[in-house]
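Participant: Please read through the structure below; I'll follow up with questions.
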Amino acid sequence: MSDPGPSPLPGPPPVPAPVPVPAARALPADVSVPDDGPGGDLIAEHVAEGAAAARQSGIAMERILRGPSGLGTVGLHLGRFEEPAGPGTPAEGEAIPGLYHHPVREPDPVRVEEVSRRIKAWAVDEVQAYPPEWADQFDGFAVGRYMVACHPDAPTIDHLMVATRLMVAENAVDDCYCEDHGGSPIGLGSRLLLAHTALDPLHTTKEYEPPWKESLESDAPRRAYRSAMEYFLQQATPSQADRFRHDMGRLHLGYLAEAAWAQAEQVPEVWEYLAMRQFNNFRPCPTITDTVGGYELPADLHARPAMQRVIALGGNATTIVNDLYSYTKELKSPGLHLNLPVVIAEREGLSEREAYLKAIEVHNELMHGFEAEAAALAAACPAPSVLRFLRGVAAWVDGNHYWHQTNTYRYSLPDFL
């Protein structure tokens, strides 16, 4: 199956020399820190804790971002940019005060335009994942800008499209099965299981295989999953494909836990919610960073407990970013929509503002943990594929925040910040 559109554009220009990583990464000096009441105290604590945590892991994290040295390693460098990139930086979008994050350079506009064109042709025409009346929502999602920001080391547009199709397919499942466009917790398990067979194919008898294959075209989520997976398999190794299927099973398990709470009209304990969010999160996206980058992290290195912890912490942090930026959007949705600030407020008896600020604190601790564990793993196992994969996951974490911050079509900050 060939990719729609013209031949792949040339790869990205050479990556400039990495910007030195400061010893401590607290909030910029121009970010105001309120000092009125408990909220100000919490944000001030974020600043102090951020500086202390960054100092502890700064040297080793700098090693990750600097990359390996020697002949043949120039392609393994991927700088994390610590300052805004000048006129190209989007004017729209305000970062959450007190949220520990790293700015990224504006994604390559040529790549963004081409990925956006191709993904719309695929989603609308090739797999009919979204009807024409949802075009404004699809455009507002800005998935091309999202994926180019998250995968700065992708060698070609075709590699970027692997991630972009999977992202759109996952959102089609979320929208149509769980959320905005007809989703419901009732019967979700059977729908997810049948959709999962588009990723992890059914092996059955000759009599029953044809109706299963026919079912893969029966609705938009399954069509999107099937097609996105076919494209993915053209770039991925068998171990990368198996890894992705496993992470998608995790995602679907998280969907089911949230659905069970919705059916029971139950607000979980905070720790229970965080357990669910470790599964219902972005993990399948950064875990394919090597496929999108055109290389492979060997299966035995990916399976190391230390690597699994790094990936889990990064995925958890990015998902709390989503909870925080989508907070006001979800409050406007019908019914009770669970997110971390809502659960903290309900279970710990805090005001909306106090709960939101505590959720920022949770995110920041996860981010510092992610960076410290990544630094320790880089020091313990400095194999080039490990270092490149760690940089790729870090780039995804940063790009994910960038997209949430700048997507003012979807997100706005609460008025109590």
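The values are calculated or read from the model by the stated rules, or taken from the named source; none is laboratory data. Because the structure is predicted, anything quoted here is derived from the model rather than measured. FYI the Cβ positions are ideal-geometry reconstructions off the backbone, even for glycines, and counts take in every protein chain you see. For the accessible areas, the whole protein counts, side chains as well, though only heavy atoms, and no ligand, DNA or RNA atoms are used. Shrake-Rupley method; radii C 1.70, N 1.55, O 1.52, S 1.80 Å.
Participant: Size of the dipole of region 110-224 about the Cα centre, Lys and Arg at +1 and Asp and Glu at -1 on the beta carbon, nothing else charged, in debye to 20? Present the calculation step by step, with values, prior to reporting the outcome.
Facilitator: Details: 11 positive and 20 negative charges, 46 e Å.
That gives region 110-224 a dipole magnitude of about 220 debye.
Participant: Per-residue accessible area for Arg223 at 1.4 Å probe radius, Å² rounded to 10?
Facilitator: 40
Participant: Moving on. Can you give the FRET efficiency to the nearest 0.05 for His246 and Ser385, using r as the Cβ-Cβ distance and R₀ = 25 Å?
Facilitator: Once the sixth-power term is evaluated, E becomes 0.85.
Participant: Over all distinct Cα pairs, what is the inverse of the mean 1/r for region 299-376, reported as the Kirkwood hydrodynamic radius in Å?
Facilitator: Working: mean 1/r = 0.0730 Å⁻¹.
Final number for the Kirkwood radius of region 299-376 is 13.7 Å.
Participant: Computed on alpha carbon atoms, what radius of gyration and Dmax characterise region 155-276, expressed in Å?
Facilitator: 15.7, 48
Participant: Between Glu330 and Lys206, what is the FRET efficiency for a Förster distance of 30 Å, r being their Cβ-Cβ separation, to the nearest 0.05?
Facilitator: 0.05
Participant: Lys/Arg Cβ at +1, Asp/Glu Cβ at -1, dipole of region 97-151 taken about the Cα centre: which of Trp134, Ser116, His151 is farthest positive-ward?
Facilitator: His151
Participant: Separation between the Asp415 and Ala121 pseudo-spin-labels, each 7 Å from Cα along Cα→Cβ, expressed in nm?
Facilitator: Modelled inter-label distance: 4.5 nm.
Participant: Going through region 222-311, which GluC sites (Glu not before Pro) have at most 10 other Cβ atoms within 10 Å and a DSSP loop state?
Facilitator: Passing sites in region 222-311 are Glu265.
Participant: Let me ask you something else. So, with +1 on the Cβ of K and R and -1 on the Cβ of D and E, and no other charges, what is the size of the charge dipole of region 204-264 about its Cα centre, to the nearest 20 debye?
Facilitator: The calculation lands at about 140 debye.
Participant: Something else now. Treating only the Cβ of Lys, Arg, Asp and Glu as charged (+1, +1, -1, -1), what charge dipole size does region 251-403 show about its Cα centre? Round to the nearest 20 debye. Provide the component values of the computation, followed by the final result.
Facilitator: Details: 11 positive and 18 negative charges, 73 e Å.
Rounded to the nearest 20 debye, it is 360 debye.
Participant: Let me ask something else. How large are Rg and Dmax for region 131-176 when only the alpha carbon atoms are used, in Å?
Facilitator: Using the Cα atoms of region 131-176, the pair Rg, Dmax is 11.5, 34 Å.
Participant: Loop only by DSSP, 14 or fewer other Cβ within 10 Å of the Cβ. Give me the chymotrypsin sites (Phe, Trp or Tyr not before Pro) in region 141-234 that pass, ordered by residue number.
Facilitator: Sparse-neighbourhood loop chymotrypsin sites (Phe, Trp or Tyr not before Pro): Tyr208.
Participant: Along the charge dipole of region 331-397, which of Tyr356, Ala375, Trp396 sits closest to the positive end, that is, farthest toward it, with unit charges on the beta carbon of Lys, Arg, Asp and Glu (+1, +1, -1, -1)?
Facilitator: After comparing all options, I get Trp396.
Participant: Between Glu214 and Ser239, how many nm apart are label points set 7 Å from Cα along the C-beta direction?
Facilitator: Spacing of the two 7 Å Cα→Cβ label points: 4.1 nm.
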